[in-house]
Every structure is written in structure tokens, then in C-alpha cells.
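Undergrad: Questions regarding the structure given below will be posed in turn.
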Amino acid sequence: MTDASERLAAVQAGLYRACRDAGRSDRPLLVAVSKTFAAEDIRPLIAAGQRHFGENRVQEAQGKWPALIAETAADSGGIVLHLVGQLQSNKAAEAVALFDVIHSVDRPSLVTALAKAQTALSKRPACYLQVNIGDEAQKGGCALADLPALLTQAREATLDITGLMCVPPADLEPAPYFALLAEHARRLGLPGLSMGMSSDHQTAALLGATVVRVGSALFGSRG
Ligand SMILES: *Cc1c(COP(=O)(O)O)cnc(C)c1O
């Protein structure tokens, strides 16, 4: 087995255990976050069967994914590309063109830009509303208080909003934040929960994550 397939199997096994412990019969979708890693680091994971990948910058993704998508197309099942990082409104069209799922919809101006882009490109990516769950000054994400209005606007703009996404504050116990996000998704009737990274994806799975975004546990340290 290659390193990549061993790491993939270990992460999947951890998710399986967490779901079993939580009495869940389903498992979260694993998105492999490949930001900063080159095509040659990504290919072994594709070879091991991984199909969902995440990037946090549009420009970086444009540099490496079109070729990887093209060379994987003949294989069983194509690549599904997720944007997990903050998105500037002036990059909305490029993001809609390349990504299948956008996890970082967090403000009215971005909703407007994405709506325009999806009409122009006749493409409708699945979207998550990113919530600034720890109410941190520097962080992207919509304030909890603004979430219902953002959801209403996004639906009126015909964005395909499937759930909520968060990145809890670093160095704090993430479980209460995951539980809070899950509670808000439940109240809003949104089925998707994008939460959990390398250090806390099992906790997120226990608390109902439907998507986990895992980078370093699959690719190694970003240095
Ligand atoms: C980088 C990143 C991840 C993955 O982080 P790891 O700690 O390497 O697993 C997940 N989500 C977002 C939004 C990220 O920027």
C-alpha cells in the first residue's frame, strides 16, 4: 500500500468508528483538502479512489485541477471539486466555472455575485453558508444573527444552499461549536453540515457532520 492509501484508510476508519459510536448508520463525505500540495502529491490519493477534493484559493486550483480532472475523467467517477476558502466577489465567476461545491458563502454581496455567475455560466454549484461560529473578528463567515436573512436572500437568488459550514476557533474545544452549528442547521431545515478538519473530524462526525474537510491527515504537514 502507498502512504496515501494508508492515510486514506486510516481517516475513513476513524470516521467509521465515530459514526458507529454515535449510532449513525451513514458516514460523512470525506473531502481531501489539497491546498499547497502539487499534482504529484494528489495523484496517489486519486489512484487510491478519493474523488472529492478541496482547495481554498481559486487561482491555485485553476493552476492544478483542470489537468488532474482531465486525466481522471476516463476513470470510474469524475473529480468533485470543493472550494473551502474565502471567496472574493470578483472571483465568483471563476469559482462557479471550476468548482462543484462552494463552502464559503458568507455575505450578501457574494450571494449576488454567485447568482449572476451561475446564470451566466448555466451552472449551479451546491453551496454552504459559512458561519463565523466563534464570533471571531478576523474570520470569514456570517454572524449567527445574520444567518436567516442570508439564507432567504440566497434562496431568492436561486443558489442551491445545502447546509452550513464552520471553522471553530483554533485552540478551543471544538465540540460545543459543532453542536451549535448542527442546532442552527436543524432549525433552518438545512441537511448539510460541513465541519471537521484533520484534528477534529471524528468529533465532527460524532456531532452529525455530513462533510468533513481533511488536509494534513491525508497529505502530511503543510510545513
Ligand atoms: C486547510 C483547511 C482545511 C483542512 O485543514 P487540515 O487541518 O489540514 O485538515 C479544512 N477546511 C478549511 C476551510 C481549510 O482552510
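The values are calculated or read from the model by the stated rules, or taken from the named source; none is laboratory data. This is a predicted model, so every value here is computed, not measured. Glycine also receives a Cβ, built like all others from the backbone with ideal geometry; neighbour counts cover every protein chain displayed.
Undergrad: Looking only at segment 207-223, count every residue that is within 9 Å of the ligand (Cβ to nearest atom) and over 10 Å from the mean Cα position of the chain (by Cα) and tell me the total.
TA: Here the count works out to 7.
Undergrad: Right, another one. Pick from Ala170, Ala209, Ala217: which is assigned to a loop (DSSP other than H, G, I, E, B) and surrounded by 14 or more Cβ atoms within 10 Å (Cβ to Cβ)?
TA: Within the list Ala170, Ala209, Ala217, the selection yields Ala209.
Undergrad: Can you find, within segment 183-206, the residue that is farthest from the ligand (Cβ to nearest atom) among those that are of a type in the set (Ser, Thr, Tyr) and assigned to a loop (DSSP other than H, G, I, E, B)? First the steps, then the outcome.
TA: First, pick out the residues of segment 183-206 that are of a type in the set (Ser, Thr, Tyr): 194, 198-199, 203.
Filter again for assigned to a loop (DSSP other than H, G, I, E, B), leaving 198-199.
Values: Ser198: 3, Ser199: 6 Å.
Ranking the candidates gives Ser199 first.
Undergrad: Run down Thr162, Thr203 and say which single residue is over 30 Å from Ala117 (Cβ atoms), touching a Phe, Trp or Tyr at 6+ places or on another chain (Cβ under 9 Å) and surrounded by 14 or more Cβ atoms within 10 Å (Cβ to Cβ).
TA: On the way: Thr162 fails: over 30 Å from Ala117 (Cβ atoms).
Of the residues listed, the single one that is over 30 Å from Ala117 (Cβ atoms), touching a Phe, Trp or Tyr at 6+ places or on another chain (Cβ under 9 Å) and surrounded by 14 or more Cβ atoms within 10 Å (Cβ to Cβ) is Thr203.
Undergrad: What pairs come up if the first residue lies in segment 137-163 and is farther than 15 Å from Tyr177 by Cα, the second is β-branched (Val, Ile, Thr) and surrounded by fewer than 18 Cβ atoms within 10 Å (Cβ to Cβ), and their beta carbons are under 9 Å apart, counting only those six or more places apart or on different chains?
TA: Here the result reads Gln153/Thr112; Ala157/Thr112; Thr158/Thr119, each pair linking segment 137-163 to a residue that is β-branched (Val, Ile, Thr) and surrounded by fewer than 18 Cβ atoms within 10 Å (Cβ to Cβ).
Undergrad: Exactly one condition in (1) at pLDDT 95 or above; (2) closer than 24 Å to Val211 by Cα; (3) not acidic (Asp, Glu) is not met by Lys116; state its number.
TA: The single condition Lys116 does not satisfy is (2).
Undergrad: Residues being free of Cβ contacts under 8 Å to residues at least 40 places away in the same chain and over 18 Å from the mean Cα position of the chain (by Cα): count how many of those fall in segment 90-119.
TA: The qualifying residues number 7.
Undergrad: I'd like to know if segment 145-165 contains one or more residues that are within 14 Å of the ligand (Cβ to nearest atom) and either aliphatic (A, V, I, L, M) or at pLDDT 95 or above (or both).
TA: Yes, there is a match, as at least one residue in segment 145-165 is within 14 Å of the ligand (Cβ to nearest atom) and either aliphatic (A, V, I, L, M) or at pLDDT 95 or above (or both).
Undergrad: Among the residues that make up segment 29-36, is at least one of them under 17 Å from the mean Cα position of the chain (by Cα), modelled with pLDDT of 95 or more and over 21 Å from Gly77 (Cβ atoms)?
TA: Within segment 29-36, one or more residues are under 17 Å from the mean Cα position of the chain (by Cα), modelled with pLDDT of 95 or more and over 21 Å from Gly77 (Cβ atoms).
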